[in-house]
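Report on the structure given below.
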């Protein structure tokens, strides 16, 4: 278990190797990245087994008083800020935590990254920057793995920013396309705004605690050394960072545009890295969020709910397959945040994992569709199951799972979230959460039926199924999307279900609320049936509905005008201000304050020069005038 | 080794100075020969600076490599005493690196190459001297020696900027730079004389920084006296550090200077100013420094934000980098003003980090300009496909400038923030926001210049030359090294910052 730090190191080492040696290696060195992440995945199992075998007595391990779970902690020195040992200086460490949250995340990240990288062999084949793609991919995975292992805020922030820059590089991978270039910049800057808040939060905690260790921060919170006000402010600042990365309202705008990157990248970003970082962060520092009765958690819940509802409505009207999936991701991230806000710690992480597998599958499926048809507009598709049967089957499996159809994994995890919301929050929340659940099943039904079912269009007849290197990873993800939910159950033996493995303070068994379960089942199945009737059988017409809410549709189709509003602020406020300062610097500071004195001296010199004419008569004139003036002066003096 | 250690500092000043004088007698038309000669001299300087850096005993701390040559005896008491602490040792290393890099990439100087290298080496000697002396008179002497060649280097070898919106002649930039820096040094000189007189009143007339530091520690200089002397140093040295509102010489100067001079100028010369505030201001008039720090940190914060916002509106590659230097020097000023051991340490690390990073940026812009003859970011586009290595290095320098973890700038900025957060919370928050603005203008620059479809106009471009690649690659490795493992640098910084009064 003490070797867990090696998991990211493999991939970190692979990245520069591919950049440097890529030209001479076969396959541009892509196998290095795959081997590295595969090694990480293998080591994950080793760590997992070691962790299950460890107890409170194991060296470096103890049952944390702050989270209630077994936590193993390993660290080594990094650098000293300030003279070692002197008052007010601080020693920074490379340190890792191995606890259930980390273990779960390690599994998700290594597995999804491995699947995506194998899939990319087929998908990216022939790209002129194939090696570069794998190098950044390896770095991306390494950064995310470091993020989930980090034991202190500084290392966490380091990994956090590396994730950000890798996403910039991957979203802008095809930077010759203006849209990709803009999308990459947008993703980086929008998340960076959140990161500023997060950094301020980290430094605020440092100011209060005098350390960057998370354990010290938890201790300060529980002992009351950090007061309620500071704790809440710090938690909300950290949440800003989480909102940026996890694309929560109002920072969600970057995620749909991030579709400009290669599709496997979207799968990675949406399922295992980047966007789940925000949810992970809140879970990681849950002792800070939940302190003082969780004032900060209410904000998390509200933001999560707004995000979930807003995004699911947009997903329902999008016509681009990848964008539907993007809004679906935003919506599900919102649900996870809502769950965290409702003290549903286990449910949130459970859903994070289940959603991760299903969403990776869906994106890889969308990539497969694009690979086969060069098209993403669902209005131009239909009946693709006839030409791409495997893709259709697996995509449908992912859609049904995420839509919450019973016994598939998404059903169980979503149900846990609804339960937490029902138990801990105002009834308004559960009603809106159920509405979101219904909408999310609805847009999944729409995407699935419109794309794969119905009649095959003529222009789609040339479409072909994808190669095995692409279908294989999808199939493995499909298995998990189907059965992963069963990890929630109380299994006989040492593993007692996810609730007794991954929990906050109190281990919980599997619980199932019958009325809620049946209600959500009805909603999900109903949504799919409705979708079938609308999009395939044409039995139910949307015209009446559309006419009634007519005014609202353009608002939703334009994504509630967030992009336009932000663009307006950037153009009319930020750039105008920057230009104003630029001109101020040139005109006021430079021309007036700097050149001004110089010019005055210059002009004075010109003025002074006038009297030096070089003509004898003008000097004689001056002497005469001067003599007269002096005479008059003396005369007046003698008179008075 | 002991004997060599004693003369190491004298050598590092003497070698470039002697090299400059020797170069004067070389034939004027042998361009390559004079270049090779300058490389040898700069290489020796670099080796020496590395030796001093590695051999500095951070366990013992204090001033090492001590050596003194008598010049004027008491009652004037001026001696060429040399010694370095960890801060000076690090900055000497910085100068060694950038001087060598600057000389290496100057292979294409065709106009009066001999005179160019004479002045460049003299400048280098002045910088080494300023960092190595322990006597106020010689500090001033070397400080001026570093500043004077700049005027000629820009005025003669510089380039004018002819833009759609405005025009800047290189002579204008050179004159402005020179007048500003001279005005600053006048203030510094008044301050030095005032300190000398003040010490004389207490019965110790001396220019020795060591003695003066001890006098200050013993409370021999009154607080009132210190409080009116410190602003002389703060503004005088601050001008060279690009302190707002005395910064306007700096972007103009950067832009007009030839590549090697821009590198030395932004990479090292601006650090002289910040170094002066630490070494002279904080040590000799510590109580005055303490009273003025709120002002300095406010100005530093203005630097950070003002520089960043100004950079956003620029369209010339070099102006963007010039204003970003103004912004980044703001972190140095802020760090110094925290009087916090982490903050001041961060300021020193930022000097080093910014020196390497900005030198690299100027090197790359120089490489682009040599090939395209323009620096207008609205004309340059898609350079990445033609100049892959240049673009890659530029991106890394830009990321360091944004404070991306894993690169040197992050550790330095992080330490400055850490120090500032526990001393001046509101200003520190503003500075963190300023750091985010950096991302906006750097990404804008990268996107416009390097990314996108390549333009037909730039089909013929070639990538950086092997020398440029080697120097740039070395700078990139240094930035990554410091970003991943800053401890070797911080060991020296920490022990020396700890010895500063008031920290």
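The values are calculated or read from the model by the stated rules, or taken from the named source; none is laboratory data. Note that this is a predicted model, so its numbers are computed, not measured. Neighbour counts run over all protein chains shown; Cβ positions are idealised from the backbone, glycine included.
Scanning region A:281-305 for residues that are within 14 Å of residue A:221 (Cβ to Cβ) and either assigned to a helix (DSSP H, G or I) or without any contact (Cβ under 8 Å) to a residue 60 or more places away in the chain (or both) returns A:284, A:286, A:287, A:288, A:289, A:292, A:293, A:294, A:295, A:296, A:297.
Output yes when any residue across region B:314-332 is farther than 23 Å from residue B:404 by Cβ and in a helix (DSSP H, G or I), and no when none is. Steps first, please.
Narrowing region B:314-332 to residues farther than 23 Å from residue B:404 by Cβ: B:315-316.
Retained after the next criterion (residues that are in a helix (DSSP H, G or I)): none.
So far as region B:314-332 goes, no, none of its residues is farther than 23 Å from residue B:404 by Cβ and in a helix (DSSP H, G or I).
Applying the selection to region B:201-214, what residues are free of Cβ contacts under 8 Å to residues at least 60 places away in the same chain and closer than 20 Å to residue B:80 by Cα? So that I can check it myself, show each step before the final result.
Taking region B:201-214 first, the residues free of Cβ contacts under 8 Å to residues at least 60 places away in the same chain are B:201-204, B:211, B:214.
Result: B:204, B:211, B:214.
Selection of region B:445-461 for residues being on the phi < 0 side of the Ramachandran plot and touching a helix residue (DSSP H, G or I) at 6+ places or on another chain (Cβ under 7 Å) yields B:445, B:446, B:447, B:449, B:450, B:451, B:454, B:458, B:461.
Among the helices (runs of 4 or more DSSP H) lying completely within region A:543-640, list those that include at least 2 residues that are more than 14 Å from chain B (Cβ to nearest Cβ) and in contact (Cβ under 8 Å) with a residue 60 or more places away in the chain. By residue number, A:552-557, A:562-569.
Scanning region B:285-319 for residues that are within 14 Å of another protein chain (Cβ to nearest Cβ) and closer than 23 Å to residue B:170 by Cβ returns B:307, B:310, B:311, B:313, B:314, B:315, B:316, B:319. Among the conditions (1) closer than 30 Å to residue A:133 by Cα; (2) in contact (Cβ under 8 Å) with a residue 40 or more places away in the chain; (3) away from every other protein chain (no Cβ under 14 Å), the only one that residue A:74 does not satisfy is (1). Applying the set (1) touching a strand residue (DSSP E or B) at 6+ places or on another chain (Cβ under 9 Å); (2) surrounded by 14 or more Cβ atoms within 10 Å (Cβ to Cβ); (3) outside any helix (DSSP H, G or I) to residue B:52 leaves exactly one unmet item: (3).
Looking at A:247, A:235, can you tell me which residue is buried (at least 24 other Cβ atoms within 10 Å of the Cβ) and at positive phi?
Of A:247, A:235, the one residue that is buried (at least 24 other Cβ atoms within 10 Å of the Cβ) and at positive phi is A:247.
I need a count of the residues in region A:179-194 that are at the interface with chain B (Cβ under 7 Å from one of its Cβ atoms) and closer than 18 Å to residue A:265 by Cβ. Break it down into steps so the answer makes sense when it comes.
Residues of region A:179-194 that are at the interface with chain B (Cβ under 7 Å from one of its Cβ atoms), as a first pass: A:181, A:185, A:188-189, A:192-193.
Next cut, closer than 18 Å to residue A:265 by Cβ only: A:181, A:185, A:188.
Number of matching residues: 3.
Could you grab me the full set of residues in region B:481-491 that are within 11 Å of chain A (Cβ to nearest Cβ) and either in contact with a helix residue (DSSP H, G or I) (Cβ under 9 Å, 6 or more places away or on another chain) or touching a residue at least 24 places away in the same chain (Cβ under 8 Å) (or both)? Quick ask: steps written out before the conclusion?
Of the residues in region B:481-491, the ones within 11 Å of chain A (Cβ to nearest Cβ) are B:482-491.
Once the filter is applied, which keeps residues that are within 11 Å of chain A (Cβ to nearest Cβ) and either in contact with a helix residue (DSSP H, G or I) (Cβ under 9 Å, 6 or more places away or on another chain) or touching a residue at least 24 places away in the same chain (Cβ under 8 Å) (or both), region B:481-491 yields B:482, B:483, B:484, B:486, B:488, B:489, B:490, B:491.
Each residue in region A:17-45 was checked for being surrounded by fewer than 24 Cβ atoms within 10 Å (Cβ to Cβ) and closer than 22 Å to residue A:150 by Cα, and 7 pass. If you go through region B:414-424 and keep only what is within 7 Å of chain A (Cβ to nearest Cβ) and surrounded by fewer than 24 Cβ atoms within 10 Å (Cβ to Cβ), you end up with just B:422. One residue alone among B:242, B:300 is closer than 20 Å to residue B:358 by Cα, in a loop (DSSP other than H, G, I, E, B) and touching a helix residue (DSSP H, G or I) at 6+ places or on another chain (Cβ under 9 Å), and that residue is B:242.
Among the criteria (1) more than 10 Å from chain B (Cβ to nearest Cβ); (2) over 19 Å from residue A:146 (Cα atoms); (3) free of Cβ contacts under 8 Å to residues at least 60 places away in the same chain, the one residue A:99 does not fulfil is (2).
Can we say residue B:429 is facing chain A (nearest Cβ under 10 Å), touching a helix residue (DSSP H, G or I) at 6+ places or on another chain (Cβ under 8 Å), in a helix (DSSP H, G or I) and surrounded by fewer than 24 Cβ atoms within 10 Å (Cβ to Cβ)? Considered against the rule, which asks whether it is facing chain A (nearest Cβ under 10 Å), touching a helix residue (DSSP H, G or I) at 6+ places or on another chain (Cβ under 8 Å), in a helix (DSSP H, G or I) and surrounded by fewer than 24 Cβ atoms within 10 Å (Cβ to Cβ), residue B:429 comes out as yes.
Among the residues of region B:361-413, the ones that are within 11 Å of chain A (Cβ to nearest Cβ) and either more than 14 Å from residue B:464 (Cβ to Cβ) or not in a helix (DSSP H, G or I) (or both) come to 15 in all. Within region B:447-480, being within 14 Å of another protein chain (Cβ to nearest Cβ), part of a loop (DSSP other than H, G, I, E, B) and surrounded by 15 or more Cβ atoms within 10 Å (Cβ to Cβ) holds for B:450, B:451, B:452, B:454, B:455. Inspect region B:97-119 for any residue being outside any helix (DSSP H, G or I) and within 14 Å of chain A (Cβ to nearest Cβ) and give the result as yes or no. The answer is no, given that none of the residues of region B:97-119 is outside any helix (DSSP H, G or I) and within 14 Å of chain A (Cβ to nearest Cβ). None of A:630, A:592 is surrounded by 10 or more Cβ atoms within 10 Å (Cβ to Cβ) and at pLDDT 85 or above except A:630.
Looking at B:282, B:263, just one residue is modelled with pLDDT of 85 or more, surrounded by 24 or more Cβ atoms within 10 Å (Cβ to Cβ) and either within 11 Å of another protein chain (Cβ to nearest Cβ) or under 30 Å from residue B:372 (Cβ atoms) (or both), and that residue is B:263. Being surrounded by fewer than 24 Cβ atoms within 10 Å (Cβ to Cβ) and either within 15 Å of residue A:199 (Cα to Cα) or within 11 Å of chain B (Cβ to nearest Cβ) (or both) holds for only one residue in A:168, A:157, and it is A:157.
Would region A:107-122 turn up any residue that is farther than 20 Å from residue A:261 by Cβ, without any contact (Cβ under 8 Å) to a residue 24 or more places away in the chain and in a helix (DSSP H, G or I)? No, every residue in region A:107-122 fails to be farther than 20 Å from residue A:261 by Cβ, without any contact (Cβ under 8 Å) to a residue 24 or more places away in the chain and in a helix (DSSP H, G or I). Considering (1) over 30 Å from residue A:346 (Cβ atoms); (2) within 14 Å of chain B (Cβ to nearest Cβ); (3) touching a residue at least 24 places away in the same chain (Cβ under 8 Å), the lone condition that residue A:87 does not fulfil carries the number (3).
The set of residues in region A:126-151 that are part of a helix (DSSP H, G or I) and within 13 Å of chain B (Cβ to nearest Cβ) comprises A:131, A:132, A:135, A:136, A:139, A:142, A:143, A:146, A:147.
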